[in-house]
1. Please list the equivalent ellipsoid semi-axes of the range 1-100, computed as the square roots of five times the alpha-carbon gyration tensor eigenvalues, in descending order and whole angstrom.
2. With each pseudo-label sitting 7 Å past Cα toward Cβ, what's the residue 161-residue 98 distance in nm, one decimal?
3. In Å, the Kirkwood hydrodynamic radius of the range 100-141 over pairs of distinct alpha carbons?
4. Neighbouring Cβ atoms within 10 Å as the yardstick, rank 25, 49, 146 fewest first.
5. Once every DSSP H run of n ≥ 4 in the chain is given -39500 (n - 2.57) and the sum is divided by its residues, what mean residue ellipticity at 222 nm do you get, rounded to the nearest 500 deg cm²/dmol?
6. For 140, 133, what ranking results if the residue with the fewest other Cβ atoms within 10 Å of its Cβ goes first?
7. Relative to the longest principal Cα axis of the chain, at what angle does helix 93-106 sit, 0 to 90 degrees, rounded to 10?
8. Between the range 1-43 and the range 98-138, what is the separation of their alpha carbon centroids in Å?
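Coordinate-derived values only; no laboratory data. A quick note: this is a predicted structure, and the numbers were derived from the prediction, not measured. So basically every Cβ, Gly included, is an ideal-geometry build from the backbone, and we count neighbours across all protein chains shown.
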């Protein structure tokens, strides 16, 4: 029987069909796949629920998928993690970001783990100095937000190393 994350990967790929990353060419589905791989391979976390939520972390926010659909197909725990990762697009930008940061802080550590992997991938994928600097700000914010959380120590070490490498490249370039 296929794993939960396997079904989530397929659902994510289907939901993000025809979407591309900001570069205009990379299929968007590559991003949630890399987020899940970062969690499993780089951060060393192989929990099925977390990996499924990582694959699905953008489907409510960016696709024609709602919480009930995620919960019906993957269970409430996965849907709750995806909801923690979802910005309320009905709000204006400053309020939306403020509420999003608060729901990440108030949510379970697994949501912040997915967010660490999300910013890790976005930072690793950033091309050009302007994009790298903008993404560095977001990476530092989630890095600071997760300070002192034992469950996130390994993930924070990896993100910290990537932040340091990007800063070093920017300063030497």
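1. On the way: eigenvalues 87, 56, 39 Å².
Those come to 21, 17, 14 Å.
2. Going from the residue 161 label point to the residue 98 one covers 3.8 nm.
3. Values: mean 1/r = 0.0925 Å⁻¹.
Every distinct Cα pair counted, the radius reaches 10.8 Å.
4. Values: 25 7, 49 17, 146 21.
In increasing order of surrounding Cβ atoms, one gets 25, 49, 146.
5. Working: 10 runs with 118 residues, N = 173.
The helix contribution divided over the chain gives -21000 deg cm²/dmol.
6. On the way: 140 16, 133 13.
The order, fewest Cβ neighbours first, is 133, 140.
7. 80
8. The two parts, judged by their Cα centres, are 16 Å apart.
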